[in-house]
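Structure, as structure tokens:
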Amino acid sequence: MRIVQACIKLGLDFVCVHTAADAHSGHVRMAREKGGPGSLYRISSYQDANELLAVADDAGATALHPGYGFFAEDFRFARRVTERTRSLVWIGPSWRVIRELGDKINTKRLARGLGVPTVPGSDRPLYDELEAEEIAANLFSFQREQGVARPVVLVKASAGGGGMGIEEIHDIDSFRMTYRRIRNYAKRQFGDEGVLVEQRIFDFNHLEVQILCDRQGGEPLHFGTRNCSVQSTGRQKRIEVAPGFAPAELRYAFDAAGVMEAIKDHSLAIAREAGYDSVGTWEWIVTPKGEPFLMEVNTRIQVENGVSAVISRIGGKNGVDLIAEQIRCALGERPGYTQKDISFEGVGIEYRLIAEDPDNKFTPWAGRIDTFAWEPAPWLSMYTQVPTDEPYQIPTDFDPNLALAIVWGKDLAEAKARGLEFLDKLVLGGTDSTGVELKSNVEFLRHKTEKLLVF
């Protein structure tokens, strides 16, 4: 829906796709109302590349925006889009950049070559047991020097993913047995017995830097930092705050302003070196001592781009739309402004409203939403697929994300007060097939608001 709005703002025609499960979602209605009957195609799956490209051809599309789903960081799909006989403009980083930075090992190696701090550990697959053991021993020593009471080291299959092939060890004596087990597992499951050894960091804040680059080789730009530390037990984000810390209002045990400047500078350096050419997010871990470590680069527009945009000003004017900027740059335009023209004002809070039960490990709730309403305010932006004028059955095909609410305040105190006001006045109700009332994370969001950016 936000991509459609950006297209309309830029005077571009658009075509949307939807599956049967999404027939009653907001983007379907928006496409019909804003684009007419030719702007909507029904497909069987959002993950069928052939079907998506067939729609593009039938509609005569000249560009493709992958959103922020699976295809957004799939370099093979991006390559196919741009190199097929009827090529399309890919609205995202070039496939070569996605391939380079989508590989965590490559990213870590590139970062270390530039002097950028990364999570301590190996920056390449390890095949030698003695070398791996030496790295693990050094990591245990490093954590003890930092005052970590119970050091932990991760042993990971380098070719793994999705949490597969990872074990924790708490002392060096158990390393060799674990290393051999992971190595054998990796060889059996992935055909590559390479192993990574990294420090496990528990008590940290998760910060991000929002980057924008054009395709003309211009200087990379940043749109500030954001803090994404409020997450579910499964490490899924629930609240994002921009900027990442509030040193003017809260006390930290380190130079919080200095940390934010450092991670912005480091992120820009990597973007410059990698030839980045779109919107992207650099994800960071910050320890209680204020030590930042680069975690990874997300080579796509992220859900939370709006919370960075709401505090950003270009030439002193608000209303920054990072999706529109991404599209403009992808189509070959230059931004038309420099870093000196970008300023920041106030604090933004983004709430992810989800039908889930935080008291039961954030278990998704499935059912029908009967009432959904909020009180409009000049400091509030709501993005939702859920209609407010008729009941809505939550599709079980997808995560039950209901809405994004972005609140702005002149400082953290005002943003928090407005956030609580929004949550208190929110009306959200429904039942499942057995008559059980809708469960949501609204109370969890309310509880977490009180301690935002406290570290």
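The values are calculated or read from the model by the stated rules, or taken from the named source; none is laboratory data. Everything numeric in this text was worked out from a predicted model, so none of it was measured. A quick note on method: Cβ atoms are made from the backbone with ideal geometry, for glycine too, and the neighbour counts reach across all protein chains shown. For the accessible areas, the whole protein counts, side chains as well, though only heavy atoms, and no ligand, DNA or RNA atoms are used. Shrake-Rupley method; radii C 1.70, N 1.55, O 1.52, S 1.80 Å.
Things to note:
- Averaging the sequence gap over all C-alpha pairs within less than 8 Å and six or more residues apart, then dividing by the number of residues, gives region 247-400 a relative contact order of 14 percent.
- Most to least packed among 437-443, 355-361, 240-246 [average Cβ atoms within 10 Å]: 240-246, 437-443, 355-361
- Student exercise, region 4-151 dipole from Lys, Arg, Asp, Glu Cβ charges, in Debye to nearest 20: 520
- Inter-centroid distance (Cα atoms) of region 401-455 relative to region 1-40, Å: 27
- Rounded to the nearest 10 Å², the accessible area of C16 at probe 1.4 Å: 20
- Ordering D370, D321 by accessible surface, largest first, gives D370, D321; the 1.4 Å probe counts only protein heavy atoms, with every chain in place.
- Separation of the R42 and L12 label points, Cα + 7 Å toward Cβ, nm: 2.8
- At R0 = 41 Å, FRET efficiency that the Cβ-Cβ distance of E134 and L250 yields, to 0.05: 0.55
- Entry note, the chain: relative contact order of 14 percent, from Cα contacts under 8 Å with a spacing of 6+ residues.
- Global form of region 362-418, assessed from the alpha-carbon gyration tensor, a/c cut-off 1.5: prolate
- The chain, accessible surface, carbon-and-sulfur percent (1.4 angstrom probe): 48
- Per residue value of the accessible surface for region 286-379 (all protein chains in place, 1.4 Å probe), Å²: 42
- Shape analysis of the chain yields a ratio of the Cα radius of gyration to the Kirkwood radius, Rg/Rh, of 0.96.
- Region 237-359: mean projected area of Cα convex hull, nm²: 9.6
- Average accessible area per residue (Å²) across region 180-223 - probe 1.4 Å, nucleic acids and ligands excluded: 43
- The packing ranking, built from the mean of other Cβ atoms within 10 Å per residue, places the peptides 74-85, 329-340 in the order 74-85, 329-340, highest first.
- Relative contact order, percent, region 364-443 [alpha-carbon distance under 8 Å, six or more residues apart]: 43
- Using alpha-carbon coordinates, inclination of helix 129-145 to the longest axis of the chain, degrees: 80
- Three-way shape label, region 175-281, alpha-carbon gyration tensor, a/c 1.5: oblate
- Using the Cβ of R84 as centre and a radius below 14 Å, the other residues enclosed give a net charge of +2, where K and R count +1 and D and E count -1.
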